[in-house]
Amino acid sequence: TEAKYLKDYQTPDFFIPETELFFNLDDEHTLVRSKLQMKRNGEHTRGLVLDCQVKQVLRVLINGNQTDFNVEQEQLKIDVDLAEFELEIEVTVDPINNTALEGLYKSAGVFCTQCEAESFRRITPYLDRPDVLSVFTVTIFADAELYPHMLSNGNLIDSGLVTEDDDSNKQLRWVKWRDPHPKPSYLFALVAGDFDLLTDTFVTQSGRTVDLELFVDKGNLHLGHHAMASLVKSMAWDEQRYGLEYDLDKYMVVAVDFFNMGAMENKGLNVFNSKYVLADLNTATDIDYHGIEAVIGHEYFHNWTGNRVTCRDWFQLSLKEGLTVFRDQQFSADMGSEVIERISHANVMRTMQFAEDSGPMAHPIRPEKVIEMNNFYTVTVYDKGAEVIRMMHSLLGESGFRAGMDLYFKRHDGNAVTCDDFVSAMADANNKDLTQFQNWYSQAGTPSVVVSEKQTDTALELTLSQSLPTRPAAEQNKPLVIPVKYELLANSDGRSLERGTVIFDKTEQMFTFNCSEPVTLVLFENFSAPVKVQRTLTQEQLIHIVKYASDAFCRWDSMQSLWLQQINGASDTILDKSRQGLIEVIEYVLNNDDIETSIKAELLTIPSYTSIAETFDVINPSHILKVKAEITQQIIESLFETINALVQNLTNIEDGYIQSSVAQRRLKHILLTYLSHSKNSDVERLIRQVYLDSTNMTEKVSALESARVYSVALLDDLLKDMDTQFTDNVLVFDKMTSAVARIPHAEVYGKMALWAEHKLFSDKNPNRVRSLFGAFIMNNPEQFHDESGKGYQFLADFLKKMDKLNPQLASRMISPLLSWQRYEPARKDLMKQQLTQLSKLELSKDLYEKVSSALG
Ligand code: HT7
Ligand code: ZN
């Protein structure tokens, strides 16, 4: 449980130019032999210390001679004073009992690895750090019948058959792979199993043909086409937008059912959570299709931003993750809609990232102190990291940003570098000083921007002031460089008078806009900076923005603010009139045929509980849920007929992942959500009809969601049907359990227990666990935050068990308890009690770091 600090970084004592690995795959006793060419780095005389978390070290040899070694505290120590030598190590590991899914594990009959961040050391002792780059050659021995596909990084260079030298006479097959690109150990991968193989090719811009291979479970070939098409699109996009071409002859993707995260960018051999590969119209929703395209893109883009240029140390994780998320966001925007993407990313920031940044685990996008690295694969490093890259893009423009990227690759291809190196490339390519901008990398917390404005006869004077939450021992915060995109709208008729960007980089700063008529100022167009804006706008001003702003993001944002006004605004007396105002603007949107369908759906979306809660200094879930329900009720009472008529019009939407159909299904879903709050029995009929008539999973899930709100009996009915229609389909099963876990009544506990008994459920499978219990914890505020504290107790009990099976998963699921200090006194107390209970147990490093920081 000792922390590591960025300030203590030192270069490695040794390098490993060549790594040879031999695997004899076996469920409980896989034998791993390594042959490493070691080279001392510099003149020092220190011995060799390797990271080591294997089951057993059998032998160590130096230049062919057996040598003494010592294993303690997860380190293998060898006394050696040679400058260069060959090191051989033999170890065993236990893949079948590896439920943590880190290192080499076997699940559902498939051997597979996950090495990022620090799990290669669970496979073989090594200098398991990203600044040690090596050329890997890997030989795998395994039963040919059970494992017809044996894969590793790079190119297949040889293979053959051997007979086992025990009495069994069993034939083993061996394959030998070599990856010519030097890589850090975290990018190593091995997979062995029986798969169906989907193939395609891609011809690169320089005319090379790359073989594309997608490995899926037997019988699932028909579910791989969307992933394959997404891969081809990603490869073409990276060439077009960044001039980046793929660099091996083969690109392999394997879909596995047991995986802690979305996917992993191992060089030439991506391993994917099957949820981000498999799709067809009958079983995948539009959200699934979108997710697959985004994750396939993300992992592919890592080939340059992560693999060719990698991180010097794990504190620099955002170097590859922030940048690659930014690139996948650009890709998704180019494939679909820029504004819809922006709304969805702003939502992630405002709900998950702002919460993390105001909690005990808050950290800068480049953290400075880490106990368990797995805890830093966060929305801060990934999504705020991407926002920081996006702001650089705003400051430098598309061509300036591209020049910076080109220089970054020119300088650092093949190296392990830092976030500072990235910013320097951007600065140097553009002759710009980005020193102050770098404060974004070192300061945690969400900046708060206070807006005040004064209009004279000739100008609008805007004063902005910025501050960061101060935390103990934090150095005095320095002002950040904040790009503010804006527009001036004439109050008389909504004309756009001026649009542009101002750079706000002082603690307080005034900007003057000349204008000779009354105006409404639109600020932070397209979510131009990841900040909290403190600004008082009247309902009239917000409605003006909804109607006239050029930027659809701000129109959506103002619509959300109109809701928030009702919930944050205190007394009932002011609200009656203004609630009518909200209802009127909703009616205006509903009836306005000029608004594009996809935008209309967003404008009408009811803010989520979490996004509302995040705007309060002190959170009282009962208040938020009560007022939100009241407003929804009033809207549905006033607008039932209008909404119902619109839903009736949205029939016979063309199936398929086509943008126009996606938008129509989304709008239909939003409208159906409103209707589900009514008790009118026509609604039950409608929900059933949507469920039965639909020939795609998006509408079926939409029906489930509406049923869940309308009545549990209706939900049960639909689920029963679904369970028989889609027997044995685990990805559909996950959609059903997510609906169950969000039932907003106390009966949810009994139902969750029942579904956890289902034959498709397994607490060793992260997807199953996240869909059932994760949905409860994150998306069932009514029950999770019930004033009895039962929800908190449920989570703590669950974490106790899960921490033993899969610490990474447990650690990710504790997040709602971490913000305990944000709640009203009674809940605060209840949450703290559960954290205190947990702190008395023997916890994994993952959970320990979070629980101890929460209790401070
Ligand atoms: N770079 C990948 C990170 C990842 C991971 C990290 C810790 C433990 C398990 C993991 N699986 C994947 C994913 C990505 O950002 O592309
Ligand atoms: Zn990534």
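The values are calculated or read from the model by the stated rules, or taken from the named source; none is laboratory data. Computed from a prediction, not measured in an experiment: that's the story for all the values here. When we count neighbours, we look across all protein chains shown, and the Cβ atoms used for this are built from the backbone with ideal geometry, even at glycine.
Does region 199-214 contain at least one residue that is touching a Gly at 6+ places or on another chain (Cβ under 8 Å) and among the small types (G, A, S)?
no
Taking region 519-536 on its own, how many of its residues are within 14 Å of L462 (Cα to Cα), at pLDDT 95 or above, assigned to a loop (DSSP other than H, G, I, E, B) and of a type outside the set (K, R)?
Residues meeting the conditions: 1.
Answer yes if at least one residue in region 490-512 is of a type in the set (D, E, K, R), in a helix (DSSP H, G or I) and surrounded by fewer than 20 Cβ atoms within 10 Å (Cβ to Cβ), and no otherwise.
no
Just checking, does region 510-518 include any residue being under 23 Å from I343 (Cα atoms) and not assigned by TED's automatic domain parsing to the domain that holds F354?
Within region 510-518, not a single residue is under 23 Å from I343 (Cα atoms) and not assigned by TED's automatic domain parsing to the domain that holds F354.
Return yes or no: is T283 surrounded by fewer than 24 Cβ atoms within 10 Å (Cβ to Cβ) and more than 10 Å from ligand 1 (Cβ to nearest atom)?
When the stated conditions are applied, T283 passes them.
Can you tell me which residue in region 227-261 is nearest to the chain's Cα centre (by Cα), limited to those that are under 20 Å from Q114 (Cα atoms) and assigned to a loop (DSSP other than H, G, I, E, B)?
M261
Against the condition away from ligand 2 (no atom under 14 Å from the Cβ) and surrounded by 19 or more Cβ atoms within 10 Å (Cβ to Cβ), how does D357 come out, does it pass?
In short, yes.
Pick out the one residue from Y251, Y246 that is away from ligand 1 (no atom under 16 Å from the Cβ) and either surrounded by fewer than 19 Cβ atoms within 10 Å (Cβ to Cβ) or free of Cβ contacts under 8 Å to residues at least 60 places away in the same chain (or both).
Y246
Is region 708-728 home to any residue that is modelled with pLDDT of 95 or more, assigned to a loop (DSSP other than H, G, I, E, B) and among the aromatic types (F, W, Y)?
So far as region 708-728 goes, yes, one or more of its residues are modelled with pLDDT of 95 or more, assigned to a loop (DSSP other than H, G, I, E, B) and among the aromatic types (F, W, Y).
Which of (1) surrounded by 17 or more Cβ atoms within 10 Å (Cβ to Cβ); (2) more than 32 Å from the chain's Cα centre (by Cα) does C52 not meet, given it meets every other one?
All conditions pass for C52, except number (2).
How many of the residues making up region 586-610 are assigned to a helix (DSSP H, G or I) and either in contact with a Ser or Thr (Cβ under 7 Å, 6 or more places away or on another chain) or not hydrophobic (A, V, I, L, M, F, W, C) (or both)?
10
Mind listing just one residue for me: the one in region 302-349 that is free of Cβ contacts under 8 Å to residues at least 24 places away in the same chain and closer than 12 Å to G385 by Cβ and, of those, farthest from ligand 1 (Cβ to nearest atom)?
T305
Is at least one residue of region 363-371 under 29 Å from S844 (Cα atoms), over 14 Å from the mean Cα position of the chain (by Cα) and part of a helix (DSSP H, G or I)?
For region 363-371, residues under 29 Å from S844 (Cα atoms), over 14 Å from the mean Cα position of the chain (by Cα) and part of a helix (DSSP H, G or I): absent.
The rows are residues; the columns are (1) crowded, with 20+ Cβ neighbours inside 10 Å; (2) outside any helix (DSSP H, G or I); (3) more than 16 Å from ligand 2 (Cβ to nearest atom); (4) among the acidic types (D, E).
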| site | (1), (2), (3), (4) |
| --- | --- |
| G750 | no, no, yes, no |
| L754 | no, no, yes, no |
| L772 | yes, no, yes, no |
| E787 | no, yes, yes, yes |
| L799 | yes, no, yes, no |
| P816 | no, no, yes, no |
| Q834 | yes, no, yes, no |
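So, K106, is that one more than 15 Å from ligand 1 (Cβ to nearest atom) and of a type in the set (K, R) or not?
In short, yes.
Surrounded by 21 or more Cβ atoms within 10 Å (Cβ to Cβ), modelled with pLDDT of 95 or more, away from ligand 2 (no atom under 12 Å from the Cβ) and outside any loop (DSSP other than H, G, I, E, B): which single residue out of V271, V325, V295 fits that description?
Result: V271 is the single residue among V271, V325, V295 that is surrounded by 21 or more Cβ atoms within 10 Å (Cβ to Cβ), modelled with pLDDT of 95 or more, away from ligand 2 (no atom under 12 Å from the Cβ) and outside any loop (DSSP other than H, G, I, E, B).
Name, by its number, the condition in (1) crowded, with 24+ Cβ neighbours inside 10 Å; (2) away from ligand 2 (no atom under 12 Å from the Cβ); (3) more than 24 Å from F215 (Cα to Cα) that does not hold for S337.
With (1) crowded, with 24+ Cβ neighbours inside 10 Å; (2) away from ligand 2 (no atom under 12 Å from the Cβ); (3) more than 24 Å from F215 (Cα to Cα) applied to S337, the lone miss is (1).
If you go through region 756-769 one residue at a time, how many are surrounded by fewer than 20 Cβ atoms within 10 Å (Cβ to Cβ) and under 17 Å from L795 (Cβ atoms)?
2
What number of residues in region 147-174 are surrounded by fewer than 22 Cβ atoms within 10 Å (Cβ to Cβ) and assigned to a strand (DSSP E or B)?
Residues that pass the stated criteria total 14.
Among the residues of region 367-393 satisfying the criterion of being away from ligand 1 (no atom under 16 Å from the Cβ) and surrounded by fewer than 23 Cβ atoms within 10 Å (Cβ to Cβ), which is farthest from P816 (Cα to Cα)?
Among them, the one singled out is H393.
Being charged (D, E, K, R), in contact with a helix residue (DSSP H, G or I) (Cβ under 6 Å, 6 or more places away or on another chain) and either within 30 Å of T615 (Cα to Cα) or at pLDDT 95 or above (or both) narrows it down to one of K840, K790, K751, so name that one.
When all the criteria are applied, what remains is K751.
List pairs: first in region 733-760 and closer than 22 Å to L278 by Cβ, second modelled with pLDDT under 95, Cβ under 8 Å, 6+ apart or cross-chain?
What qualifies is L760/D728.
So that you can scan it fast, the table gives a plain yes or no per residue for (1) under 23 Å from the mean Cα position of the chain (by Cα); (2) β-branched (V, I, T); (3) under 20 Å from L317 (Cβ atoms); (4) crowded, with 21+ Cβ neighbours inside 10 Å:
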site	(1), (2), (3), (4)
T99	yes, yes, no, no
G103	yes, no, yes, yes
G109	no, no, no, no
S119	yes, no, yes, yes
I123	no, yes, no, yes
Y126	no, no, yes, yes
D131	no, no, yes, no
V138	no, yes, no, yes
